[in-house]
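Notes follow once the structure below has been shown.
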Amino acid sequence: MTLALLAASGCESAPDPGPGPTAGPATSVARVCAEPAAGPATAPAGAVPVDPAAPGDLAAKTRENPPRTTFWLRPGRHTLPADRYAQVVPKEGNRYLGAPGAVLDGRETNQYAFGGTARDVTLRHLTVQGFVAPHDEGVVNHDSADGWVIEHTTIQHNSGAGLMAGARQQVRASCLRGNGQYGINAYKGDGPLGGLVVEGNEIAGNNTDDWERRRPGCGCTGGVKFWAVDGADVRGNWVHGNRGPGLWADTNNNDFLIEDNLLEDNDGAALIYETSYNAVIRRNMIRGNNRVEGRRHAERGDTFPHATLYVSESGGEPRVPARTDRIEIYRNVLEDNWSGITLWENADRFCNSPANTSSGECTLLVDDTERCAQPEISTAPLRSDCRWKTQRVDIHHNRFVLDPSVLDCTVRCDRMAVLANYGTYPEWSPYHGEEVAEAVTLEQDNRWHDNVYVGPWTFVAHDPSRTLDVGQWRGAPYRQDAGSTFRPKDGG
């Protein structure tokens, strides 16, 4: 199968060409929304034809036929019965193929298109639209069944998430656009979610319902949200124009490879990696992101360095098995975004703390959250293991370009940062004061080096009030960006 990818290559399938500072991502994109691949014009041998003129024909024929049946949807608008819970419930190994022009339409009536727990279901060449899934739920693979393959499929203009995810799910060469909350909600509440592949897709214009406005601070928006995914390859996608972040890995994700993507013009950060572990982020083109949300914060007088690549309480952890034991950020190009990379660790956020926004969750190093309390939390190993740490982050051989005139920016759009807050809460916390700020800045092996900077960059270290110029950033005690080059503007 040929995909329109961003010079995609697998983690083991191709050697890395090396860390040269001028090497970077390709710029071709997966324009699958404008140029979808056509499905079969006639029914494949043995396939069951589905008639759009017969309402509910797809759901009925799915019930009537055995597992591993192939269904071919004729051209036209297919519908389900006019019941909010009416949906297609596949059997194991079923395949659904759309002819050119085949659309499954929820008519703003049905909540879900495809649900149930059957494994190894395939959807190809089908448009799914007009479904009204509730908040945090999804339209396709509603129940996060395992082993689904979604290829050359358009999932658009639905409420909730266009697509949920199960273990070993593959989403390739598909258009996920204009959905009310997420393009993909990679969350599985009743079991492990690993082996996820998101490759060669266009993920655009999602969160049309603007959930952060409706529920301030919900952390529930963006192009793709990942939750507790252990092993994901996110490769060769065009993630653009989403309200909120482009990609957001939130809470106990691990072993991510994020490469060869074009992340651009998202209202918030291009990528958030939060309370998670062990990732390789390489060869991505990241441009024009965070201009809406970054500007909004700056105009309110917020001094926090809101960044386009935001690493929050996340780091490398050798005790959590993965393809790397660091967060490696290299050979990316960040161009004219609102600020650059921020490494942040909230001193008040840890297991069992009221300040932990991942309510009820604990690190992957502690089985029993209740142990993270006095007196045990004040002694080893829990004093360390009850925290998600921003540690072992290696940022190198990237190109950071900033032209404030492009952003129409006069203040706080030029930040690169590593910092924490002053620990104060709760009263029984063992992390009060500057302990965490000192650790994340100086003691946890977070390093910038061998990068190229173009434009008027400013640096923040330790806490939001400590703003540095290049010389201070490179000097004692921070000693960042050894081997890097700095110039005021691009020479062409």
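The values are calculated or read from the model by the stated rules, or taken from the named source; none is laboratory data. Since the structure is predicted, the reported quantities are computational estimates derived from the model, not experimental observations. Cβ sites come from the backbone with ideal geometry, for glycine too, and all protein chains shown count toward neighbours. Protein only, heavy atoms only, side chains kept; ligands, DNA and RNA dropped before computing areas. Shrake-Rupley method; radii C 1.70, N 1.55, O 1.52, S 1.80 Å.
A few notes on this one:
- Cross-link reach is defined here as a Cα-Cα straight distance under 23 Å, omitting same-chain residues fewer than 8 places apart; for LYS225 the lysines meeting it are LYS188, LYS389.
- Taking max minus min of the alpha-carbon positions on each principal axis, region 402-453 gives extents of 47, 27, 10 Å, largest first.
- Multiplying the residue separation of GLU443 and ARG319 by 0.36 nm and subtracting their alpha-carbon distance yields 42.8 nm.
- Nearby lysines by direct alpha-carbon distance to LYS61 (threshold 19 angstrom, same-chain neighbours under 8 apart not counted): LYS91
- Rounded to the nearest angstrom and listed largest first, the equivalent-ellipsoid semi-axes of region 216-256 from its Cα gyration tensor are 18, 16, 4.
- Using bins of 5 Å that start at zero, the share of Cα-Cα pairs per bin across region 174-330 amounts to 2, 10, 19, 24, 22, 14, 7, 2, 0, in whole %.
- Computed over region 345-492, the convex hull of the alpha-carbon atoms projects to a mean area of 10.4 nm².
- Qualifying trypsin sites (Lys or Arg not before Pro) in region 149-236, DSSP loop, other Cβ atoms within 10 Å at most 10: none
- For the chain, adding -39500 (n - 2.57) for each run of n ≥ 4 DSSP H residues and dividing by the number of residues yields -1500 deg cm²/dmol at 222 nm.
- Evaluated at q = 0.16, 0.21, 0.28 Å⁻¹, the base-10 log of the normalised Debye intensity for region 371-440, with identical point scatterers placed on the Cα atoms, takes the values -0.73, -0.96, -1.31.
- Here the Kirkwood formula, the inverse mean of 1/r across different C-alpha pairs, assigns region 133-244 a hydrodynamic radius of 13.4 Å.
- Sequence-distant residues sharing a close amide H with ARG95 (under 5 Å, placed H): THR69, THR70, PHE71, THR122
- Using only alpha carbons, region 44-116 has a radius of gyration to Kirkwood radius ratio (Rg to Rh) of 0.93.
- Compactness of region 194-240, taken as the C-alpha radius of gyration over 2.2 N^0.38 Å, stands at 1.32.
- Probing with 1.4 Å while keeping every protein chain in the model, the per residue accessible area of the chain equals 37 Å².
- Within the shell of other residues whose beta carbon sits under 15 angstrom from the beta carbon of PRO36, the net charge comes to +1, with Lys and Arg scored +1 and Asp and Glu -1.
- Cβ-Cβ FRET estimate between CYS218 and ARG63, R0 fixed at 30 Å, reported to 0.05: 0.20
- What the pair-distance distribution of region 299-373 shows, using all Cα-Cα distances binned every 5 Å from zero, is 3, 12, 16, 19, 19, 14, 10, 5, 2 percent.
- Cleavage-rule hits (chymotrypsin sites (Phe, Trp or Tyr not before Pro)) in region 316-370: DSSP loop, at most 10 neighbouring Cβ within 10 angstrom: none
- Ellipsoid fit via the Cα gyration tensor, region 331-417: semi-axes of 37, 15, 10 Å, each the root of five times an eigenvalue, largest first.
- Calculated log₁₀ intensity ratio I(q)/I(0) where the Debye formula runs over C-alpha points of region 236-313, q = 0.19, 0.27 Å⁻¹: -0.78, -1.26
- Translational diffusion of region 150-208, estimated by Stokes-Einstein from the Kirkwood radius over alpha carbon pairs at 4 °C in a medium of 1.567 mPa s, is 114 µm² per second.
- For the chain, diffusion coefficient by Stokes-Einstein and Kirkwood Rh (Cα), 37 °C, 0.692 mPa s, µm²/s: 141
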